[in-house]
1. State the Cα centre-to-centre distance between the stretch 28-91 and the stretch 107-185 in whole Å.
2. In a Gaussian network model over the chain where Cα atoms closer than 10 Å are linked, find which of 146, 313, 298 has the largest mean-square fluctuation.
3. Determine, from the Cβ-Cβ distance of residue 91 and residue 262 and an R0 of 45 Å, the FRET efficiency 1/(1 + (r/R0)^6), rounded to the nearest 0.05.
4. Taking the chain as a Gaussian network, where each spring joins two C-alpha atoms under 10 Å apart, which residue of 95, 166, 50 fluctuates the most?
5. Along its three principal axes, how long is the chain when you only count alpha carbons? Whole Å, largest extent first please.
6. Assuming R0 = 25 Å, what is the FRET efficiency of residue 7 and residue 347, from their Cβ-Cβ distance, to the nearest 0.05?
7. For q = 0.22, 0.23 Å⁻¹, what log10 I(q)/I(0) does the stretch 253-358 give under the Debye formula with an equal point scatterer on each alpha carbon and no solvent?
8. What is the order of 250, 67, fewest Cβ neighbours within 10 Å to most?
């Protein structure tokens, strides 16, 4: 073990965000197991399901929608605001997700869902959401607290996968899920602090990203939410500007931005995420674009998801990209000498709004 390297890392990563990233498969396994009784209480989600959340509490819903993919019999609507969509009614299940239990947008939609008579359920570690859900007699899945929401993805995402599996939207059973977690642990194991640095892709990528603005591109399929996760983890963990977009749409507009002055392009590091299930025409456009943009950017890398075919394989591939995002963002924070855990400006905005409300 490289004790000097570990000591330097933890001297910066004082809250040990990297350990929470390493725990993703264990969180997923715990979330899958604990969610079974809760998942069985969720009524039929056809024709629609509304998942309400913000920030790290919302990403699980995004990932679920991509994981299920097109052709799903249920319309999964992700609500990131204060009001439910107009179609919400007595036949529309609503799952309110707030890690802290105090997210004001989620509390607002939760109360509205109760008023409209929607079948409601909640996933939270406590707070106002847990209190009001208990009082309303709706199903509540209480998950371990004490972490930043973005560092609790497994507890927030796995229950949604369990619900979809029970409802027949995903063909993933206990054995298939356990297999995915074993493979995800193995993948993360290659990026541990004491692993061979030459084989630690997350650490190597973080070094290449130093001083650059990550720009993450994906197709519009399995990895769309994963690409967004990259952007958000760079923002929150690395305290870095980062952006994302997806094909084929960006090929009709954003691609022209690469005609900007060279000085601007050289500050950009392009990360292109590929998955085997992307539409064949999308893959062709991504490959053509990468060949064109690689020499224009200040750096570039193509990353293919790792995993098998089928529903469980799709989950494996999705997690392979998400785990790499989380690891890279923490290692980049340490390269910058920045503790990845604090989110001061997010808290400052909340405090300013609360002070104006008084």
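1. If you average the Cα positions of each part, the centres end up 9 Å apart.
2. Looking only at 146, 313, 298, the biggest GNM fluctuation is shown by 146.
3. Details: r = 56 Å, r/R0 = 1.24.
Between residue 91 and residue 262 the formula returns 0.20.
4. Of the options given, 166 has the highest mean-square fluctuation.
5. Rounded to whole Å, the extents work out to 56, 46, 46 Å.
6. Working: r = 29 Å, r/R0 = 1.16.
Efficiency at R0 = 25 Å is approximately 0.30.
7. Taken in order of the listed q values, log10 I(q)/I(0) reads -1.15, -1.18.
8. Details: 250 19, 67 23.
Fewest-to-most ranking of 250, 67: 250, 67.
All of the numbers you see were taken from the coordinates with simple rules; none came from a lab. Only a predicted model underlies this, so the values are computations on that prediction, with no experimental measurement involved. Reconstructed Cβ throughout: ideal geometry from the backbone, glycine too, with neighbour counts over all protein chains shown.
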